[in-house]
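First the structure, in the form of C-alpha cells, and then the observations on it.
The values are calculated or read from the model by the stated rules, or taken from the named source; none is laboratory data. All of these numbers come straight from a predicted model, not from anything done at the bench. Positions of Cβ are generated from backbone atoms using ideal geometry, with glycine treated the same way; all protein chains shown enter the neighbour counts.
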Amino acid sequence: MKVDVLLGLQWGDEGKGKVVDVLTPRYDVVARFQGGPNAGHTLEFEGQKYVLRSIPSGIFQGDKVNIIGNGVVLDPLLFKGEAEALEASGHPLKERLHISKKAHLIMPTHRVLDAAYEAAKGDAKVGTTGKGIGPTYTDKVSRNGLRVGDILCNFEAKYAAAKARHEQILKSMNYEYDITELEKEWLEAINYLREFHLVDSEHEINGLLRAGKSVLCEGAQGTLLDVDFGSYPFVTSSNTICAGACTGLGIGPNKIGNVYGIMKAYCTRVGSGPFPTELFDETGKTIRDLGHEYGAVTGRERRCGWIDLVALKYAIMVNGVTHLIMMKSDVLDGFDTIKACVAYNVKGEEVDYFPYDITEGVEPIYVELPGWKTDMTQMTSEDEFPEEFNAYVTFLEEQLETPIKIISVGPDRAQTIERYTEED
Ligand code: GDP
Ligand code: IMO
Ligand code: MG
C-alpha cells in the first residue's frame with residue numbers, strides 16, 4: 001500500500017487538522033512527521049472543538065493507529081496536558097498512540113533558549129511560538145539532543161548534561177530565568193510518557209505497509225515556513241514539505257502516493273516575515289473577523305491577505321502536489337469581488353516565480369474576479385455551488401495546473417464537499 005501526505009501550502013493554519021480528521025476513515029494509520037507543539041490543529045464535530053498540538057488528528061476516528069514520528073519534537077509536559085484532556089473527554093489514547101523513540105525531547109531550557117534568542121534578535125525576531133522548537137532542532141542537528149528513547153535508560157545523567165550545556169549558553173547571554181516549577185512538572189511528565197508505547201516507528205510503519213495497511217501523513221506548519229524553501233529566516237526549523245514525511249517517518253520516497261496540498265481561499269500568516277499579498281486595510285480586517293483568524297495556540301492575530309498563486313505554484317512544485325484542498329471558502333461569501341495574485345512586480349520587472357528574496361520591493365499583480373455573494377455554509381454537494389464560485393475554482397485550477405478535490409465551507413467536519421471528476 002502507498003502512503004499519502006497531507007500538508008500546508010501557505011504559512012500554516014490552512015485547516016490541516018480538520019481535513020486529516022475527515023480523511024482518516026479511509027486509512028489505517030495517521031502519522032505526524034515533523035514540527036511539535038508549535039502546531040495547533042483544530043477539529044470540530046458534534047458541537048465540540050478540539051485543538052491538537054502534538055497528537056495526530058486521526059485520534060478521534062475509531063481505533064486507528066496514530067504515530068508521532070521521529071521527525072517530531074515532543075515536549076512531555078505539553079503532551080501530558082493534551083493527552084490527559086483527551087482522555088478526560090472520553091478519547092482513550094494509550095493503546096492507539098505510538099511514539100517514536102527517535103523523536104527529540106523539548107526541554108524546559110529549550111523554551112528559555114527560544115525566548116533568549118528572540119530577545120537577542122530585537123526587531124528582527126522571528127516571532128516564534130516560544131515552544132523551544134528552534135533550539136531543540138538545533139541540538140538534534142548538532143548531535144546534542146535528547147531523544148524519547150533516552151528516557152528508558154540512565155535518563156537523569158543525560159538530562160543533567162544537556163541542561164548544563166544550555167545553562168552555559170544562557171549565562172554567556174546574561175539571560176535571566178527561573179525554571180524551578182516548570183522543570184519539576186516536566187520531570188513528572190517524563191514518567192507519564194513512559195506509560196505510552198515507545199516504538200521504533202520506522203519498523204512499525206514499514207511493517208504495516210507490507211501488511212497492506214494504508215498511511216496518511218499529517219504535516220504541520222506550511223511550505224512557506226519550511227527551513228529550506230520558506231521565507232528564510234522567518235521560518236520554522238523543520239522540513240515541512242513532502243520530503244519531510246520520508247525523513248520524519250523512515251518511509252522510502254517510492255512509497256509516497258497522493259500529495260494533498262491544502263490552502264485557504266485567501267492567505268494568512270502569524271509571526272514576523274514577508275507576506276506580499278498582506279492587506280493592511282478594512283478588507284484585511286474583515287477577512288480576519290469573518291475567518292476568526294487568531295492563533296489556535298498563541299491567540300495571536302493572524303495577518304490576512306489575498307491568495308498568492310505565485311507562492312502556491314512554488315509550493316505545489318517543491319511538494320509534488322497531486323490534489324488541492326481549498327479551505328475557508330465561506331469566509332469570502334459576502335465579498336463583491338475577490339482578488340488573486342498572479343505575478344509579482346519586483347523593482348519594475350514582472351516575475352511569475354517565487355524569488356529568492358521577497359522581503360522588499362515585491363508588489364503583487366492581481367486579477368479581480370466576481371464574488372458569489374451566497375451563503376455556502378449549509379451546502380452539501382458541489383451541484384449547489386454558485387456559478388461565480390465555480391468560476392473562481394476553475395480559475396485557480398487552471399492557474400495552478402492541479403485539481404481541487406475538496407472544498408471546505410465551514411469549520412465542522414460535516415462542512416466538507418468533495419468534487420468528483422470522470423476518473424473518480
Ligand atoms: P491547521 O493548523 O492547519 O490545522 O489550522 P488551524 O486549526 O490552526 O486553523 C484553521 C481554523 O479555521 C480553525 O479554527 C478551524 O476550525 C477553522 N476552519 C477550518 N476549515 C474552515 C472552513 O472551511 N471555514 C471556516 N470558516 N473555518 C474553518
Ligand atoms: P500549524 O501546524 C502558523 C510560525 C511562527 C513563527 C515561525 C517560527 O498550526 O499550521 P517556531 O515556533 O516554529 O520556531 O516559529 O513559524 N509557526 C506557525 N504559524 N501555524 C503553525 O503551525 C506554526 N508553527 C510555527 O508563528 O512565525
Ligand atoms: Mg494551526
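What the table below lists for this structure:
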{"quantity": "Candidates A120, A162 - the one that is part of a helix (DSSP H, G or I), more than 26 Å from the chain's Cα centre (by Cα), touching a residue at least 24 places away in the same chain (Cβ under 8 Å) and surrounded by 17 or more Cβ atoms within 10 Å (Cβ to Cβ)", "calculated": "A162"}
{"quantity": "Subset of the stretch 44-60 [within 11 Å of ligand 3 (Cβ to nearest atom) and not hydroxyl-bearing (S, T, Y)]", "calculated": "V51, L52, R53"}
{"quantity": "Subset of the stretch 285-299 that is closer than 25 Å to I406 by Cα and in contact with a Cys (Cβ under 9 Å, 6 or more places away or on another chain) - its residue that is surrounded by the most Cβ atoms within 10 Å (Cβ to Cβ)", "calculated": "I287"}
{"quantity": "Tally, over the stretch 150-159, of residues that are in contact (Cβ under 8 Å) with a residue 40 or more places away in the chain and either closer than 15 Å to M107 by Cβ or assigned to a loop (DSSP other than H, G, I, E, B) (or both)", "calculated": "3"}
{"quantity": "Among residues of the stretch 16-52, those that are under 10 Å from the mean Cα position of the chain (by Cα), within 9 Å of ligand 1 (Cβ to nearest atom) and not small (G, A, S), counted", "calculated": "2"}
{"quantity": "Members of the stretch 35-67 that are among the hydrophobic types (A, V, I, L, M, F, W, C), touching a residue at least 40 places away in the same chain (Cβ under 8 Å) and within 22 Å of R111 (Cα to Cα)", "calculated": "A39, V51, I55"}
{"quantity": "Residue match in the stretch 302-311 (condition: of a type in the set (K, R) and away from ligand 3 (no atom under 16 Å from the Cβ))", "calculated": "no"}
{"quantity": "All positions within the stretch 12-45 that are out of contact with any Pro (no Cβ under 9 Å at 6 or more places or on another chain), within 23 Å of S237 (Cβ to Cβ) and of a type in the set (A, V, I, L, M, F, W, C)", "calculated": "F33, A39"}
{"quantity": "From the options S201, S238, residue that is modelled with pLDDT of 95 or more, of a type in the set (S, T, N, Q), over 16 Å from the mean Cα position of the chain (by Cα) and buried (at least 24 other Cβ atoms within 10 Å of the Cβ)", "calculated": "S201"}
{"quantity": "Flag for G145 being of a type in the set (G, A, S), in contact with a strand residue (DSSP E or B) (Cβ under 8 Å, 6 or more places away or on another chain), over 25 Å from Y50 (Cα atoms) and in a loop (DSSP other than H, G, I, E, B)", "calculated": "yes"}
{"quantity": "Cβ-Cβ under 6 Å pairs, at least 6 apart or on other chains, the stretch 227-245 side within 14 Å of W11 (Cβ to Cβ) and within 8 Å of ligand 2 (Cβ to nearest atom), far side at pLDDT 95 or above and not in a loop (DSSP other than H, G, I, E, B)", "calculated": "V235/L225; T236/L225"}
{"quantity": "Any hit, the stretch 300-320, residues being within 16 Å of ligand 2 (Cβ to nearest atom), surrounded by fewer than 18 Cβ atoms within 10 Å (Cβ to Cβ) and of a type outside the set (F, W, Y)", "calculated": "yes"}
{"quantity": "Where a residue in the stretch 282-298 is under 13 Å from G40 (Cβ atoms) and its partner, wherever it lies, is within 8 Å of ligand 1 (Cβ to nearest atom) and β-branched (V, I, T), with Cβ under 6 Å and at least six apart", "calculated": "A296/T42; A296/V51"}
{"quantity": "Subset tally (residues that are farther than 16 Å from L6 by Cα and not aliphatic (A, V, I, L, M)) for the stretch 55-76", "calculated": "8"}
{"quantity": "Residues of the stretch 372-400 satisfying the condition of being without any contact (Cβ under 8 Å) to a residue 60 or more places away in the chain and either among the polar types (S, T, N, Q) or on the phi > 0 side of the Ramachandran plot (or both)", "calculated": "K373, T374, T377, Q378, T380, S381, N390, T394"}
{"quantity": "Any chance K213 is surrounded by fewer than 24 Cβ atoms within 10 Å (Cβ to Cβ) and part of a loop (DSSP other than H, G, I, E, B)", "calculated": "yes"}
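Rundown of residues vs (1) touching a Lys or Arg at 6+ places or on another chain (Cβ under 7 Å); (2) modelled with pLDDT of 95 or more; (3) buried (at least 23 other Cβ atoms within 10 Å of the Cβ); (4) within 30 Å of E278 (Cα to Cα), yes/no style:
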{"residue": "G12", "(1), (2), (3), (4)": "no, yes, yes, yes"}
{"residue": "K16", "(1), (2), (3), (4)": "no, yes, yes, yes"}
{"residue": "R32", "(1), (2), (3), (4)": "no, yes, yes, yes"}
{"residue": "G35", "(1), (2), (3), (4)": "no, yes, yes, yes"}
{"residue": "N38", "(1), (2), (3), (4)": "yes, yes, yes, yes"}
{"residue": "T42", "(1), (2), (3), (4)": "yes, yes, no, yes"}
{"residue": "G71", "(1), (2), (3), (4)": "no, yes, yes, no"}
{"residue": "S89", "(1), (2), (3), (4)": "no, no, no, no"}
{"residue": "P92", "(1), (2), (3), (4)": "no, no, no, no"}
